[in-house]
Structures are given as structure tokens and as C-alpha cells.
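Beneath this line is the structure, given in C-alpha cells, with notes to follow.
Since every read-out is calculated from the coordinates, none of them should be taken as a lab result. Note that the structure is a prediction, hence the values are computed from the model and not measured. In this analysis, Cβ positions are derived from the backbone assuming ideal geometry, glycine residues included, and neighbour counts consider all displayed protein chains.
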Amino acid sequence: MSTMVTLEEVERVAELANLELAADEAPAMQRDLNAILEYIEQLNELNTKGVEPLAQVSDLLASVVDSGDGATLRPDERTGSVDRAKVMRSAPETDGAFFKTPKVIER
Amino acid sequence: MSEIRVTAEKLVEKPLTIAELRAAVQSGTTKAVDLAEGYYGRIQAHNPLLNVYLALTKERALEQAARVDAAAAKGETIGAMAGIPVGIKDVLTMDGTVTTAGSKILGGYRPPYDATSVKRLEAAGAVLLGKINCDEFAMGSSNENSAYGPVRNPVDTERVPGGSSGGSAAAVAANLAVATLGTDTGGSIRQPASFCGVVGVLPTYGRVSRYGLIAYASSLDRVGPFAANVRDAAEILSILAGHDPHDATSSRLPVADYAAESDKDVKGLKIGIPEEYFGEGLDPEVQAQIESGIDGLRAAGAEIKKISLKHTRYAIPTYYLVATAEASANLARFDGVRFGYRSPKSTNLSSMYKLSREEGFGAEVKRRILLGTYALSAGYYEAYYKKAQQVRRLLANEFMDAFAGVDAIVTPTSPIPPFKLGEKTDDPLAMYLADIYTVTASLAGICGISVPCGTTAAGLPVGMQVLGPHFGEAAAFRVARAVEAAQ
């Protein structure tokens, strides 16, 4: 199997994703990522020059999904939102009004 | 219709249809409360082995059942799902009920609102029994990625029920609910439906609101029903479908009476058979059952046409780039700040993010976040993510061209029958290949149904996948009904 992703790259990507991999986890992830990326290589058999990328199938269906009424924006009216107390009941740490976190800026 | 009496003690072995149960509740011969209690009794008896339900919502269920019974007693016309016990996959929110998405990182999380699909079912009178096990964040094909243990397949408890909506399929197969909600991003409704021998529906992208669905890959995620028969599934889809101001991708197209549509026969319908779905890797016993199902459709008057979908083999690599890229962005919200798990070892903000995620996510979720982050990172974006989006367009165009000549396409749902627990857990790529026939429709945004189509010699279920064009559910239901009728 070719090595496309080095251990250092796995650690760099983990850093980008805010994941701290355990010492034995990183080599396993490297092995799996390389196996998957090698499989993914076959996409290069296809010539996609000039093909517009498709991010959302709604693009294909614009004519039917929006049914021509132009209502992609809702009326600018005030409506209720979720209840603060209900939101805060699942917070790991809160003073009731705000979410609390460990210290953000070290002095 | 003959009188149907269901009591807590006497729940029938063969589940009744939604229409039969609703009629019995309407007439008062069966109480919705008794029905709910009967199902809770079955859950108590079978859940320890099958591990289908993660949480029961008994109070909410019995209050709803009592409301339905009171309405029926007053002679009011009850809703289309009135008194019908249903289960909800644990990636869909229920106000105040613990919703984990099968993850430790959401252990104990009580969302502040109901998913639109949940709300619509309840408004139609459905009795919500509880929350159902699934692969963590709907990532998996065997239900073995749940932080709360795997679900077992009721047909053979040494085997997996499929995934990620394995619990939702198993619940219907074991009659621990009359119907359930699942979600499908790359096959997560259709493949478990096939593995457990039930009906599962992937609606067209935009047909059912995603509001309240904990996002995995937003351009692919869909909500759909599981049921014991095609007509029940069709009835439920008519309730779930429709525009929702909370989901900008939900369609304003009128919703059909899919159950009535499914009553129409298949005479004159053109059905395409794509050769690429019958090649290497297809289990011969599965192939034999699907071919016999196709013979049944021909005998019922459908016109069978051979077609070709040449890009099929590129669907898995495309899917695992698109889905993981979107997942890496969607799952950034789980950081220990606003909800879910926060590592007690945190000393500062950065370590809180990292440790909460490291301890809260399972291996497959981390693998997909890493792959997605890699594919989106500087220097690789063009080679991977953009390339995948281009191939996605080719795949979608190919289906749209095919549907210019046929009303529906049929294929096997899964290349293999349900496999054993632990059989594929060490090889992520082998697990991904289990989705080879389902990811295509996910990428193209079209609709699909998995309908039971015979069994292997060992008695394991085989599912046929019926694909329809965008918003072409009506034809797909007709075909699925014909397959079901021939069993």
C-alpha cells in the first residue's frame, strides 16, 4: 500500500479538527486513511475538466423546488426563538444567562 | 372490516396494518392506551437482547394515547396515525427527551425542541414510544458504531441489523413498534430495511424536512419511514412530506397521497435494470432473489429494460469524500461549550475542545472527521473535494438521463445478506463497500425504497431497491407494492 498520508500529516489534520489522538490511535488512523485514500484514487480515471461541481442537488431542481414563487427569503417578521432555560439545562456549565468555559486568555 | 381487538396481553404475532389499527382505535374496539402498553410490554421482553431502544418516552406516549382514545370516544374523526405506536431514531430531536445520536458526546443531552418529522407524526395522532439506537452520528453500516452497544438483527441475533438506522429497522422487524423513523445519508434506511426484512423509504432530497435532525452531511441527509409493509410506509410519507419554513431545502411541491398511488398496478410502467449493479461482488443468492423479483414485475405487466449507469463504481469514493467533508464541518459544533460532554480533565479552552472531542467521539466518527478535514485542507481541496463534487454531478446527470427513458430502476439494496457481528469492524473500507448500491441515489438526490424480496437458503432477508426520479415517489411505491405482492 502506498503511503500518501504521513504520521505527521495525521497529527496536523487532527490539530486542525481539534482532535487530540491518543498515542496508539494515530498510527491506526494513518493506516485507515491511506487505505481509503488509495481506494479514492480511482476518481482520477475520470476526466472532469469543465464539469461544474455539484454541492447541493437543489441546484439541479431549482425549477421544481422553488416552484417559481421566489420565496427564498421569509418575511422579515419577529418570531419566537427557543427558550433560554431549556437551552441552558443541557449546558455543561452555565450561570443561567451565559455558557461558561475555562479561562480563554491566560494572563 | 372485521372487528379487531388488540389488548396488552394479546398483541398479534403478525402486526396489523396502520389502516386496520387506526380503524380499531377509531371504533373503540382497541384502546390506544392498551396498544401502547402492549408495545411497552414487548419492548420490556425483547429489548435486553436486541438493544433497540435507548430511551422510552412513556409519559408522553400515554398522554397522547389517552387524548386519542378520548377523541375517538367522543366520535371525533381521529388523525391518520392516531394511536399508532412509533419509534424515533435517536438522531432526531424530541423536546426534553435525551437525544444522543448514539454518541457519548451527547450523553444526557435534552434538546429544546421537536424535529419537524416528529412533530408531524404526533400531530397526526402517532404515539411516540421512545428513542432508538443507531450508529454514532448515523455513521456506519452495521449499528456497531453506537456508543450504547450494537443492535442485534431480530431475524438472526448473531448478525447485524445494518446501519446506521439498524435499530429503526430491527424495531419494526421485531414488532417493537408499528413503524419507525430513520435517516439515510448513504443508505442508512435502505440497507437496514433490507437486512431486517422490512420496508424502508428514502424520500427525494427536499421532500421531508431535516429540521431537528442532528446533521451528519447536510447535502445528503434525509428522514424517512420504516414499516412492515409498503402501504404503511406510503401513508407515513404523506404525513412527513411537505414544506417547512425551518428547512430552506424543503420543497413546496404538493404532496401526493402515496398510499393511494401505491394501489395502482405496474402495467405499462417502464423499469430499468442497470447492469452495473449485477456484477462482481454480488452474492449469487441475493442475485437469484432479485432476478426472481424482476420476473414478478414482468409478470405483473411492467416493461423491463436493460440500462447502463456507467459511473456507478465511482459512487463510493465520491460519497466518502463529500460526506466526510460535510461531517468535519457539521461536527465542529461538538466542543464541550453549549451542550453534551465536557472533559473533566480540561485546563484551558483549547484542551477543553480537544479532550472533550477525543473522549466523546468514537473511532469511526474521528476517522471521518479526519478524512473530511484532510480533503478540505489547503493543497488537497481541488484534488479531493472539488473532484468529488464534479463526479457527483456526473452521477446525478446519469440518473436524470436514465429516468428520461424509465419510470423506475430496480437493483439489489445490498450486495450481501446481513453479516455477523464483528465481521467487518476491523476493516473500515470493507464496511464502506456494503453501501455500494445505495450511495448513488444519495448523491443524486433521487428517491428509493427497499422492499423485501425473498430470502437466502439460510432464511436471511434480501431487499430489492426501487429507485424513482426526483419527486417520483408515486411510481416507486407502485413498483414496491408489486414486488411485495409477488412474495
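Could you tell me what percent of the DSSP beta bridges with both partners in segment B:22-250 are antiparallel, to the nearest 5?
65 percent
Taking the Cα centre of segment A:1-47 as origin, sum charge times position over the Cβ atoms of Lys and Arg (+1) and Asp and Glu (-1), and report the length of that vector in debye to the nearest 20.
Computed charge dipole of segment A:1-47: roughly 80 debye.
Within 10 Å of each Cβ of B:376-382, how many other protein chain Cβ atoms are there on average?
Taking all residues of B:376-382 together, the mean is 2.
Let me see the P(r) profile for the protein assembly as shown: every Cα-Cα distance counted, bins of 10 Å, each bin given as a percent of all pairs.
All Cα pairs, binned at 10 Å, distribute as 4, 18, 28, 28, 16, 5, 1, 0 percent.
Local charge sum around residue B:54 (other residues, Cβ-Cβ under 11 Å, Lys/Arg +1, Asp/Glu -1)?
Value of the local net charge: +1.
Just to compare against my own numbers: the Cα pair-distance distribution for chain B, 20 Å bins, whole % per bin, please.
The calculated distribution, bin by bin, is 26, 59, 15, 0.
How big is the Cα convex hull of segment B:22-250 in projection, averaged over all directions, in nm²?
Hull-based average projected area comes out at 11.0 nm².
Using alpha-carbon positions, what is the distance between the centroids of segment B:288-347 and segment B:403-423, in Å?
Spelled out, the Cα-based centre of one part sits 12 Å from the other.
Mind checking which of B:213, B:403, B:72 is farthest towards the positive end of chain B's charge dipole, using Cβ charges of +1 (Lys, Arg) and -1 (Asp, Glu) about the Cα centre?
Final value for the positive-end residue is B:213.
For chain B, what is the mean residue ellipticity at 222 nm derived from helices alone (per DSSP H run of n ≥ 4: -39500 (n - 2.57); sum divided by total residues; nearest 500 deg cm²/dmol)?
Dividing the helical sum by the residues of chain B leaves -11500 deg cm²/dmol.
Could you tell me the distance between the Cα centroids of segment B:70-95 and segment B:122-197, to the nearest Å?
Using only Cα atoms to place each centre, the spacing works out to 20 Å.
Using Cα positions and a limit of under 13 Å, work out the aspartates and glutamates in reach of residue B:270, with same-chain residues fewer than 8 apart set aside.
Excluding near neighbours in sequence, the set is B:303, B:407.
With a cut-off of at most 16 other beta carbons within 10 Å, and DSSP calling the residue loop, which GluC sites (Glu not before Pro) in segment B:26-128 qualify? Please list them.
Here the sparse-neighbourhood loop sites are B:76.
Select from segment B:378-487 those trypsin sites (Lys or Arg not before Pro) which occupy a DSSP coil region and have at most 11 other Cβ atoms within 10 Å, ordered by residue number.
Loop-located and lightly packed - none at all.
Given +1 on the Cβ of Lys and Arg, -1 on the Cβ of Asp and Glu, and no further charges, what dipole in debye does the protein assembly as shown carry about its Cα centre, rounded to the nearest 20?
In debye, rounded to 20, the protein assembly as shown gives about 1100.
Please sort by residue number the trypsin sites (Lys or Arg not before Pro) in segment B:268-350 whose DSSP state is loop and whose Cβ has at most 13 other Cβ atoms within 10 Å.
Of the trypsin sites (Lys or Arg not before Pro), the ones in loops of segment B:268-350 whose Cβ has at most 13 other Cβ atoms within 10 Å are B:310, B:345.
Given B:366/B:424; B:267/B:306; B:310/B:366; B:104/B:354, which pairs have Cα atoms separated by over 25 Å?
B:310/B:366
Ignoring solvent entirely, what values of log10 I(q)/I(0) come out of the Debye formula for segment A:1-47 at 0.23, 0.29 Å⁻¹ when each Cα is a single scatterer?
Debye curve over Cα of segment A:1-47, log10 I(q)/I(0) at q = 0.23, 0.29 Å⁻¹: -0.80, -1.04.
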